[in-house]
Amino acid sequence: MGAATRLQVLWAGRLDEEKRVELFIEVVRRCEFADFRVFGQVVLSDGAELPLLPNLSYEGAFASPQEWLKRHTFDAFLFTSKWEGLPNILLEVAWLGIPIVAPAVGGVGELVSVETGYLLPERPSVDDYERALRLIGEQPEQAAERAARLQTLVSERHSWSAFRGALAAVPGYL
């Protein structure tokens, strides 16, 4: 990202209450130095509608994370869930090599750390997200290094070959 280039931020998932869409919108409003692209749709009846903001674009539903990269390049992925297990979306984003900013909820900390991304408190504020995004913008090389370490971690732990190896290690399973 060059000095005159705006940070390009991805948010993807269900536009439902537990994904903290309201927090995401506040981050968008605060971070006028970045452009935010949302891929997803409302699934539950408590879903959110996105406001019209100059730095926010709604890209619609997606079938595969590859669709994101066919249309845009991204400097960061924002994750805003209230609770989680081990979110598949983070595994998918990690495979793509996009730096991740996420709260320490559920199993997120198994993937995202200060070495592999930008781990925020369990109940992050808009300030927490803004600080992480500014850091990514100011130190893109460090962000890329963290994303590369996460990509390696996911490859080692969550690939098909890792799964097969884990099954083979269970006595009598195969």
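The values are calculated or read from the model by the stated rules, or taken from the named source; none is laboratory data. Just so you know, these numbers come straight off a predicted model, no measurement behind them. Cβ coordinates were reconstructed from backbone atoms using ideal geometry, including for glycine residues, and neighbour counts include every protein chain displayed. Ligands, DNA and RNA are excluded from the accessible area calculation, which covers all protein heavy atoms including side chains. Shrake-Rupley method; radii C 1.70, N 1.55, O 1.52, S 1.80 Å.
With the condition kept exactly as written, say whether any residue in segment 45-55 is closer than 21 Å to GLY117 by Cα and polar (S, T, N, Q).
No: segment 45-55 contains no residue that is closer than 21 Å to GLY117 by Cα and polar (S, T, N, Q).
When you scan segment 158-174, how many residues do you find that are among the small types (Gly, Ala, Ser), open to solvent by 80 Å² or more (accessible area, probe 1.4 Å) and touching a Leu at 6+ places or on another chain (Cβ under 9 Å)?
Total satisfying the criteria: 0.
Name the residue that is modelled with the lowest pLDDT, counting only residues in segment 136-157 that are surrounded by fewer than 17 Cβ atoms within 10 Å (Cβ to Cβ) and either of a type in the set (Gly, Ala, Ser) or farther than 18 Å from THR73 by Cα (or both).
Selected residue: ARG157.
Of the residues VAL28, VAL108, only one is modelled with pLDDT of 90 or more and within 27 Å of HIS158 (Cα to Cα); which?
One residue alone meets the criteria, VAL108.
Looking at the structure I just gave you, is VAL126 modelled with pLDDT of 95 or more, of a type outside the set (Ser, Thr, Tyr), in contact with a helix residue (DSSP H, G or I) (Cβ under 9 Å, 6 or more places away or on another chain) and open to solvent by 10 Å² or more (accessible area, probe 1.4 Å)?
yes
Select, from SER64, SER113, the only residue that is farther than 18 Å from ARG146 by Cα and of a type in the set (Gly, Ala, Ser).
The match here is SER64.
Those residues that are in a helix (DSSP H, G or I) and either touching a residue at least 12 places away in the same chain (Cβ under 8 Å) or in contact with a helix residue (DSSP H, G or I) (Cβ under 6 Å, 6 or more places away or on another chain) (or both), I need them from segment 67-104; list them, please.
Result: GLU67, TRP68, LEU69, ARG71, ILE89, LEU90, LEU91, GLU92, VAL93, ALA94, TRP95, LEU96.
Conditions first: (1) surrounded by 14 or more Cβ atoms within 10 Å (Cβ to Cβ); (2) under 23 Å from ARG29 (Cβ atoms). ALA104 passes all but one, so which condition is the exception?
(2)
Residue by residue through segment 116-153, note down the ones that are assigned to a loop (DSSP other than H, G, I, E, B) and closer than 18 Å to ASP35 by Cα.
Scanning segment 116-153 gives a single hit, GLN139.
State yes or no: is ARG20 of a type in the set (D, E, K, R), more than 22 Å from THR5 (Cα to Cα) and under 15 Å from the mean Cα position of the chain (by Cα)?
Against the criterion (of a type in the set (D, E, K, R), more than 22 Å from THR5 (Cα to Cα) and under 15 Å from the mean Cα position of the chain (by Cα)), ARG20 qualifies.
Mind checking which residues of segment 36-66 are of a type in the set (D, E, K, R), open to solvent by 60 Å² or more (accessible area, probe 1.4 Å) and either in contact with a helix residue (DSSP H, G or I) (Cβ under 6 Å, 6 or more places away or on another chain) or at pLDDT 90 or above (or both)?
Result: ASP46, single match.
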